[in-house]
Structure formats: C-alpha cells, structure tokens
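Take a look at the structure below.
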Amino acid sequence: MGNATRGLSSSIQPTYLYWDLSRADHSSLGFTSSLRFQRWLSSGQRLCATGERRRQRRPVFGRDASRRRPLERLLSVQGTGFPERSVCSSAPLTAMERHAQDSKILDGKAIARQVTSEVATRVQVLREAHGRSPGLAVVIVGSRPDSQTYVRNKRRACEEAGMNSHLFALDASTSETELIELVRRLNAEDDVDGILVQLPLPDHIRSERVLQEIAFEKDVDGFHPLNVGRLCQKSALYPPLAVACTPRGCLELLDRAGVDLDGKHAVVLGRSNVVGLPMALLLLQRNATVTICHSHTADLADQVSRADILVAAIGRAHFVKGDWIKPGAVVIDVGINSVPDTSAPRGYRLVGDVEFQVAKERAALITPVPGGVGPMTIAMLLLNTLQAFERRLKS
C-alpha cells in the first residue's frame, strides 16, 4: 500500500485505497497471530465498498471472534509495527479525515458495556442454577461529592448486571475501630461476596489498616496485601484472586483493541499502589519492557517520547503535552481532572493527564476523558465480584 501513494504532490491529500482484507496475511501486516488481526479489524466502523458511509455503528469488542461482523476497512497504527490505514478511495475527504480521527478513540464506554453484558449473562445463569445473585457491599465514610458519585455509579452498574449491592454509608466521624468492626461483620455475611471500601477515607482512618481486614477472598478491589503480593510473585500456582480494577481495565482495553504488548516499550506515569505499580506489574507479565516515571524522574518528555504504550496516571490536567507522544503510540489516559470552563453547565469540564487534541493527531489509539478508563474500572469491579461469587460457589 505504501507504493500506491508515492509520487503524489505534497500539496495533494493522498488517496486512500480499498484493501481486499480477504487476501491479507496477518504476519505481513505486523500482527503476531490471526486472532489479533481479527480483533483489530473488529474495532472499527463499517464503510461501504463505494466509500459512502452507509451508517455509523459502535465498534463491537469481545473475545469471541465468531460473534463479530467482519469490517471492510483497516485501522491504522503507523509507527508501531501495525498496518497502515486503508479505506475506500471515493469517500469525501472530510468524512475520511473525521473517520480517521474517530477510529483512534478507544471507547471505554462501549467496551465496558460489552463486559457488563457478558457479566450479566453469566449472572443470570448462576442465579437460575443457585438461586441467588452475587452480592457487593459498598462502604463509604463521609460525604465527599466525588466519592458519592463513584459509589452511585458502581451501584447502578451492579443493578445493570443483575447483582445485589448493599450500601453502608457512615458518618465522617466514624472511628477506625468502628469501620473495622463493620468490615469484619461483612466478612461473615453469606450474601456478601465482595467488599469495597470507597477511598479515600478521612484522615483519621488508616486505609492500609482497614483494607487488610477485608477477607482475602472478598477483596474485589485487589488492594489486600495477599493479592498485591501474589501479583508481584507472578505465581501460576498462587495467582492473585483479584487485580486492582483500574489497571485491569486498562489491560482489558488493550487486549480488546488487539494491541500486542510483547516486546513493546511501555511507560507508566505514576507509582501509586492503586494504578501505577500494579499497572507496571501487569505489563511486565505480558512481556512489555516497562519504565515507571514519577515526580523525581529527569527529562520526563524524553521518556514519554520513547513509549510505544503510555499509561498516564498522575492526576494533573494536561501535564503530558501532545507533542511528547511518539507517532503511532497507544495512549491510556487514567487521569480525571476538573478544569474551570464557564461554558460548561457545571462551570467546569473533565480532562485527562494528556493534552488530548494534540496527542490524538500523533497517537494510533488514545482513550478519551471522560469515557475511557473510568467505565472500564467499574466493569472490572463487576468482573472481580462475579469471580469472587463463583469461587465461593465452588468452595
């Protein structure tokens, strides 16, 4: 395809040619397996053979290739060993440009809906077989608006998946001892399969002390010391029962987009126990070469510019400039930051850690904020809770 556009004047937009994908060989296109090739094809939107857009539809993501409809275009991931973009030549230029930009977006909402649907299907089967649904206990201390929003979204997702959620809202003056006593009671409840203590906790409560009181088998946040230790050990015999929801969601995004991590240089911005450290461990387990950057890292822009995979989790609005991004990189933006915006209904808007509009021009794939990692975090909470329920059924 590269030869097809040679000789064009620099003042003329290159013509996009139709690629007969039925003759394409996955290895020649930079994919390590035909399954990854099929996954990549499935993440786009359909274009008709004549170049006219028949309709727009959300990409269908999932691991079951037999359930996906074949697409008639190939997404571009230039600069990372993946194939170049190929679409129909007669489509209007503006439509192609718009579609090319849309195809770069890793739609976390769409993928999270697919995961939730898969979980709901499994929950229904288990409910019919065993007479009850998985139960998640959610504990919130205080009245932080952001925590209340997160808890509300998690409970809504439980309802959509057919799970039971039990809310325990405690006053901000609740003591550490009182909170631990509640956790211990929930550990003993038969209808509670997972326990989530919403963070952050008030300053007078030590979160580490509370989290280690959650029963190992009911830890659905992946923060229990045993789960963290097992993740570090990489043991096939004793794997973690749960992995932190946000890093697991990031990995699921990459997997369902067909991104091959083997041998890629992954840069993780942030070293928190919640995202940065477990994310780095998960990437290492997938044979990526991982660099962890933090507030003391020298020449951060240079580190970012070498990343094939960038995971930004530092909580600073637009800290990562768009021109730092390596052309063809995959960008996972975990940050959720509010910035003033008088035109917005609430007087602010949410942005990520990465300068999105500029980065989108250079990246092969990028998650938006909002609508990227956030929905996947909740979807992984549902999956962790389902798996905790299934383990209890077997025990």
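Only the coordinates and a few stated rules stand behind these numbers; no lab work does. Bear in mind the structure is a predicted one, so any value in this text is a computation, not a measurement. Backbone-built Cβ (ideal geometry, glycine too); neighbour counts: all protein chains shown.
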In whole Hz and in residue order, list the ³J(HN,Hα) couplings for region 163-175 that follow from phi through the Karplus curve 6.51 cos²θ - 1.76 cosθ + 1.60, θ = phi - 60°; x for Gly and Pro.
9, 8, 10, 10, 9, 10, 9, 10, 5, 4, 7, 4, 7
Mean Cβ neighbour count within 10 Å, used as a protection proxy, ranking 259-267, 179-187 highest first:
259-267, 179-187
5 Å is the cut-off here: which amide hydrogens, built 1.01 Å from N in the peptide plane, fall below it relative to residue 142, excluding neighbours closer than 5 in sequence?
170, 171, 172
Give me the one-decimal nm value for the distance between modelled label points at residue 176 and residue 216, 7 Å along each residue's Cα-to-Cβ direction.
2.3
With x for Gly and Pro, the residue-by-residue ³J(HN,Hα) of region 279-296, computed from phi through the Karplus equation 6.51 cos²θ - 1.76 cosθ + 1.60 at θ = phi - 60° and given in whole Hz, is 5, 4, 5, 5, 5, 4, 5, 9, 6, 7, 8, 10, 10, 9, 10, 8, 5, 9
Scan around residue 293 for amide H atoms under 5 Å from its own, H built in the peptide plane at 1.01 Å from N, and keep only partners 5 or more places away or cross-chain.
268, 269, 270
Above-threshold pairs, the threshold being 31 Å between Cα atoms, out of 154/234; 104/394; 218/264; 109/321; 109/326
104/394; 218/264
For region 245-376, convex hull of alpha carbons as volume per residue, Å³
104
³J(HN,Hα), Karplus 6.51/-1.76/1.60, whole Hz, each residue of region 121-137, x for Gly, Pro
4, 5, 4, 4, 4, 5, 5, 5, 7, 10, x, 7, 9, x, x, 10, 9
Residue 193 long-range amide H proximity, modeled H, under 5 Å:
135, 136, 137
